[in-house]
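Below: one structure, written as structure tokens.
The values are calculated or read from the model by the stated rules, or taken from the named source; none is laboratory data. All of these numbers come straight from a predicted model, not from anything done at the bench. With ideal geometry, Cβ positions are generated from the backbone for all residues, glycine too; neighbour counts draw on all protein chains shown.
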Amino acid sequence: MAKKQAEGEVREFVDKAEFDNFRKEQERVQAKMLDLLEKSVTPAKAEPTFNKEVVEDKTIGCPNKNSLLPQYEELFIADFDISDGFNSWMTFPTIDKDGKENGSMTYTISVPKKFSNAGDAYWKMYKCDLRTRVLHTNSIVQDIIAFNKIVIKNLHYNKNIKTK
């Protein structure tokens, strides 16, 4: 396939041996580059800095504690019985190093399995039933009351009926 190269003549083809040598060299260079990239991208394994009990708790499922300010906890307790297994908490926006807020203020209700209308596949996948709503800063109390009513209606929950 290769034409003989005379003096001053441009060569148009390469023979099989030259091509195989070129291909092997390129594969070797690419493999070396991939190894370097993998080493630079793969983070070093560090020991976790958080409490091991919290990690174990999260693997079980939902958080199991109330973390509401007292005035908002009163609103939750007015509609839900904690002894039935309901929990609630609020999360707040994070502030980055430039002072900008990331995220929003949210209110979450953890619904116990005996009251949940989520299917078995949902429970198997997520391990808990969390109902979350974004709160507007100018109407926090009204948003919590309204969301409690929505969850109660959705679950057909009655705080006054005691369950096992």
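For segment 65-79, does any single residue satisfy the condition of being modelled with pLDDT of 80 or more, surrounded by 10 or more Cβ atoms within 10 Å (Cβ to Cβ), more than 20 Å from the chain's Cα centre (by Cα) and of a type in the set (G, A, S)? Checking segment 65-79: at least one residue is modelled with pLDDT of 80 or more, surrounded by 10 or more Cβ atoms within 10 Å (Cβ to Cβ), more than 20 Å from the chain's Cα centre (by Cα) and of a type in the set (G, A, S). When L34 is tested against the conditions (1) of a type in the set (A, V, I, L, M, F, W, C); (2) at pLDDT 65 or above; (3) under 25 Å from the mean Cα position of the chain (by Cα), the lone failure is (3). Which condition number does F76 fail, the rest of (1) without any contact (Cβ under 8 Å) to a residue 12 or more places away in the chain; (2) part of a helix (DSSP H, G or I) being met? Here F76 clears every test but (1).
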